[in-house]
Amino acid sequence: MKTVDVSVVTPDGPVLDDQFDMVSCKAENGELGVLPGHIPMVAPLSISSVRLKQDDNSVQLAVNGGFLEVRPDKVTILAQSAEEPGKIDVQRAQEAKKRAEQRLEQQQENVDHQRAELALKRAMNRLDIAQ
Ligand code: ATP
């Protein structure tokens, strides 16, 4: 079966580089499935889960923003952060969720609601994927 070389890179360094049968992710305008031979494209990613399918070793990652780049011989995911379920610190994510929720409840002008909403999305995405 044909495979595609997938690299996942964050500002902290490379997260993984391996051959996969399929990449499933959530771009900002919808779900996207990339098989070997997919046409070249670039798409912004949502705060979401990326699934990398392999016969016997599939991988799931919690990604925070960034881009998916498809080239003829390679798929690159450049994300602000990308964690496998086992690397997610559940307590940290729960605390981040609580902080964001408290900020959103406050009707104060000095609270940046957009920033709190994004922090809440990141925390909920991590909690979903850590399960
Ligand atoms: P926090 O408020 O807890 O820092 P955050 O959503 O603001 O959460 P990010 O800016 O998304 O954090 O990530 C900063 C770095 O910390 C990244 O390297 C990311 O992988 C890591 N990170 C953040 N939260 C977790 C977590 N719950 N478990 C493991 N790594 C995490």
Distribution output for the range 29-86: share of Cα-Cα pairs per 5 Å bin in percent, first bin at 0, values 4, 18, 28, 27, 18, 5, 0
Would you grab the residues whose amide H sits under 5 Å from the one on residue 47? Only those 5+ places off in sequence or on another chain, please, with H modelled 1.01 Å from N. 65
Calculate for the chain the 222 nm mean residue ellipticity that helices alone would give, adding -39,500 (n - 2.57) per DSSP H run of length 4 or more and normalising by residue count, nearest 500 deg cm²/dmol. -8500 deg cm²/dmol
Does the range 58-131 come out rounded, prolate or oblate, given a ≥ b ≥ c as the square roots of the eigenvalues of its C-alpha gyration tensor, rounded meaning a/c under 1.5 and, failing that, prolate meaning a/b above b/c? oblate
Once you list every other residue whose beta carbon is under 10 Å from the beta carbon of residue 7, what net charge do they have if Lys and Arg are +1 and Asp and Glu are -1? -3
Average accessible surface area per residue within the chain, 1.4 Å rolling probe, Å²: 63
Share of alpha-carbon pairs per 10 Å distance bin for the chain, given as whole %: 13, 40, 30, 13, 4, 0
For the chain, the percent of accessible surface on carbon and sulfur atoms (probe 1.4 angstrom, ligands and nucleic acids excluded) is 46
Between 63, 75, 34, where does the largest GNM mean-square fluctuation fall for the chain, given springs only between Cα atoms within less than 10 Å? 34
Under the rule a/c < 1.5 gives rounded, and otherwise a/b versus b/c splits prolate from oblate, where does the range 1-46 land using the Cα gyration tensor? oblate
Can you tell me which of 17, 89, 55 moves the most in a GNM of the chain? Springs connect C-alpha atoms under 10 Å apart. 55
Kindly express, to the nearest 10 degrees and within the range 0 to 90, the angle between helix 113-130's C-alpha long axis and the longest C-alpha principal axis of the chain. 50
Descending accessible area (1.4 Å probe), largest on the left, turns 3, 10 into 3, 10
With an 8 Å cut-off on Cα pairs and a minimum separation of 6 or more residues, tell me the relative contact order of the chain in percent. 22
In the range 37-118, which GluC sites (Glu not before Pro) fall in coil by DSSP and have 11 or fewer other Cβ atoms within 10 Å? 109
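The values are calculated or read from the model by the stated rules, or taken from the named source; none is laboratory data. Because the structure is predicted, anything quoted here is derived from the model rather than measured. Virtual Cβ from ideal backbone geometry, glycine too; neighbours counted across all protein chains shown. Protein only, heavy atoms only, side chains kept; ligands, DNA and RNA dropped before computing areas. Shrake-Rupley method; radii C 1.70, N 1.55, O 1.52, S 1.80 Å.
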